[in-house]
Amino acid sequence: MREKTSRTVLGVLIPVAVAAIGLVPYRAYRSDLPDRIASHFGVSGRADGSMTPEVFLMIFGALMVVGLGGCVTIALIRRRLQPMVAPSVSSVGAFLASMSAGILSITAIGQRGLEQWQDATISPGAVILWIGGSLAVAGLAAWVASSLPFEDGGEMEATPQAMELVAGERVFWSATLSARWPLVLGLAILLVGLALLLITEMWIGLVMLGISILMTFFGRIRVTADQTGLAVRYGFFGWPRRSIPIRRIAVARAVDIRPTEWGGWGYRGSLAIMRRAAVVLRAGPGIRLDLRDGKVFAVTIDDPDDPVRLLNAEVSRLEAPKPGL
């Protein structure tokens, strides 16, 4: 996508579309809304909180403006940013704006003609459409923003090396890396989840407990490299798994990974949406794979030189002309 088109979509088309989704229905049905409108719903879908339409519009209108402001700001900045900044800011802003616009739209459409706010309900279908649509808009904003020019931090200066392999020789490399912060964070979330189970709605506590379990998967990774490519396995059971086939790799490099350049710690980015992704457990050495379609994948691991040389050797072997051709 051309840079000018990307900036137009991010700074004009997405904001106009999101604002229209939220404001047009609300303005159209404002006179048909009750004096107070439902602003909160319980697990059953029944209303259990309210506020005036003016305050409701002010709160969610302001959140929508803030979110769209993030998209517009990225579209207007001309200097090159760190690789993950534009997609991350744009996706978060678009998601916040779309969620706010969806709330305004669902409220206006669902509560028009009601005599009192206590009669309001919200259906699971509306919630799924609202959240799913917001995620789709966030993904679109991230994908568009990922095509904007960015700084690459000088990572490409290192000259890639290849291992010398004889015909028919196969080499397998494997290493593990552990970090304490996911386990500590998971424990903290677990304690909060247990507390919420006792003092508030059960579903909130169950969600927190689920998140705490997921965090344990990111406390340890196992990275392997061989003739098939690179694979990253999470947790003590090796699941989930992320693999990059050798046929997709253009070149492998040993690099110094800085979390701030990749959007933080954990699994960052998305090859499908942001064109860049990384598994970052700590700052320091790691493997960077430049893929044939222009995308980039990186993972932190100790002593990355051997797997880098192995992958480059397998790439060269894959590209070598076959005997008799």
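Annotations for the structure displayed:
- In the frame of its principal axes, region 1-77 has Cα extents of 47, 27, 19 Å, reported largest first.
- Accessible area expressed per residue, region 32-106, with surrounding protein chains retained (probe 1.4 Å, Å²): 46
- Label-point separation in nm, Arg78 to Val16, each point 7 Å along Cα→Cβ: 2.3
- Here is what passes the span test in the chain: the DSSP H helices with alpha carbon length of 15 Å or more along the helix axis and a Kyte-Doolittle mean of 1.0 or above are 14-29, 53-76, 85-111, 124-145, 181-199, 202-217.
- Ranked packing of 120-129, 102-111, most packed first, by mean Cβ within 10 Å: 102-111, 120-129
- Here, region 242-325 yields an orientationally averaged convex hull projection of 5.8 nm² when only Cα atoms define the hull.
- Projected label distance in nm at Glu3 and Ala188, using a 7 Å step from Cα toward the beta-carbon: 3.9
- Label sites at Ser316 and Val92, each approximated as a point 7 angstrom past Cα along Cα to Cβ, lie 4.3 nm apart.
- The chain: C-alpha pair distances exceeding 27 Å, %: 57
- Shape category assigned to region 269-310 from the gyration tensor of Cα positions, a/c cut at 1.5: oblate
- Max mean-square fluctuation residue, GNM over the chain, Cα-Cα springs under 10 Å, options Glu115, Glu169, Glu54: Glu169
- Accessible-area composition of region 1-52, carbon plus sulfur, in percent [1.4 Å probe]: 57
- Förster-model FRET efficiency, 30 Å R0, Ala195 and Ser44, C-beta, rounded to 0.05: 0.80
- The helix-based estimate of mean residue ellipticity at 222 nm for the chain, built from -39,500 (n - 2.57) per DSSP H run of four or more residues and divided by its residue count, is -15500 deg cm²/dmol to the nearest 500.
- Once the Cα-Cα distance is subtracted from the 0.36 nm per residue extended length, the Ser243 to Ala126 segment shows a gain of 38.5 nm.
- Remark: the Cα gyration tensor places region 218-285 in the rounded category, a/c being less than 1.5.
The values are calculated or read from the model by the stated rules, or taken from the named source; none is laboratory data. Small disclaimer: the values here were computed from a predicted structure and weren't measured. Note that we place each Cβ from the backbone using ideal geometry, even for glycine, and neighbour counts take in every protein chain shown. To get the accessible areas, we keep the full protein, side chains included, count just its heavy atoms, and leave off ligands, DNA and RNA. Shrake-Rupley method; radii C 1.70, N 1.55, O 1.52, S 1.80 Å.
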